[in-house]
Structure formats: structure tokens, C-alpha cells
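The values are calculated or read from the model by the stated rules, or taken from the named source; none is laboratory data. Just so we're clear, the structure is a prediction, and the values are computed from it rather than from any experiment. Cβ placement follows ideal geometry from the backbone for every residue including glycine, while neighbour counts extend to all protein chains displayed.
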Amino acid sequence: MGTSLPIVTHALRKTMPGGAVIGKFYGLNIFGAAFGALVTGFLLNPYFDMSDTVRFVAVGNFFISLLALLLLKIQGDYGDEVPIRKDYDHERKAQLQDFIFFLYHRFHCDWLRNIFL
């Protein structure tokens with residue numbers, strides 16, 4: 001749930017022109033999260049049960065991701081790849097990111113299991 005934007009920005013970091021575009025992505029993500037919390041809390045939960053709300057949000061996220069892919073396809077290539085530093089230990093950082101990613105999802109699954117069971 002909270003890993004989609006970091007994965008997208010990691011995948012696009014080679015073609016993004018600096019941090020301004022990624023900053024806008026994160027700003028829109030924060031706005032969307034706040035808006036989604038308000039809509040879910042005040043509009044969806046009072047009228048629908050939890051499983052219907054989760055389905056509605058999942059379908060909404062799917063269509064938003066399709067829209068993002070469409071917009072990316074329309075805009076095309078951003079230019080040359082951003083150079084990657086040679087003196088940085090990328091393998092060690094990748095291992096740490098994988099470990100943190102695993103821990104996050106492990107705790108996330110436990111949290112969801114406790115809510116729905």
C-alpha cells in the first residue's frame with residue numbers, strides 16, 4: 001500500500017530530470033492520501049461495509065495507475081539517463097533495501113491479518 005510510489009520513482013530515476021518531478025509525485029501522493037482518508041472515513045465507511053470499501057479503493061488504485069501509465073506514455077522520454085556515482089556501494093544499499101522491504105511487508109501482512117480476522 002505504501003510502497004507503490006517509491007517503486008515507481010526508483011524505476012524512473014534514470015530518466016527523471018532531477019528531483020523536482022519526483023517531489024511533485026510525492027506531493028500529489030500526500031494530497032491523494034489525505035483526500036482518500038477523508039473520502040473513506042466520511043463517505044464510504046458509513047454506507048458500505050469494510051470489504052466493499054476495500055474493493056472500491058483497489059479498483060480506484062488500479063484505474064489511477066492506468067492513468068499514470070497513460071500520461072507517462074503520452075509525455076514520452078525525458079532525455080538522457082542520470083549518471084550514477086561509481087564510488088557508491090550499490091550492492092550493499094540494495095541488500096539493505098530488500099531487507100527493509102521484506103520487513104515492511106511482513107509487518108504489513110500481520111497488521112492486515114489482525115484487522116480482518
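Details
- Residues in the range 25-61 that are over 28 Å from L71 (Cβ atoms) and aromatic (F, W, Y): 3 in all.
- Filter result for E81 (of a type outside the set (S, T, Y), at pLDDT 70 or above and either over 30 Å from S51 (Cα atoms) or assigned to a loop (DSSP other than H, G, I, E, B) (or both)): no
- With respect to the stated conditions, G23 is within 30 Å of K93 (Cβ to Cβ) and modelled with pLDDT of 75 or more.
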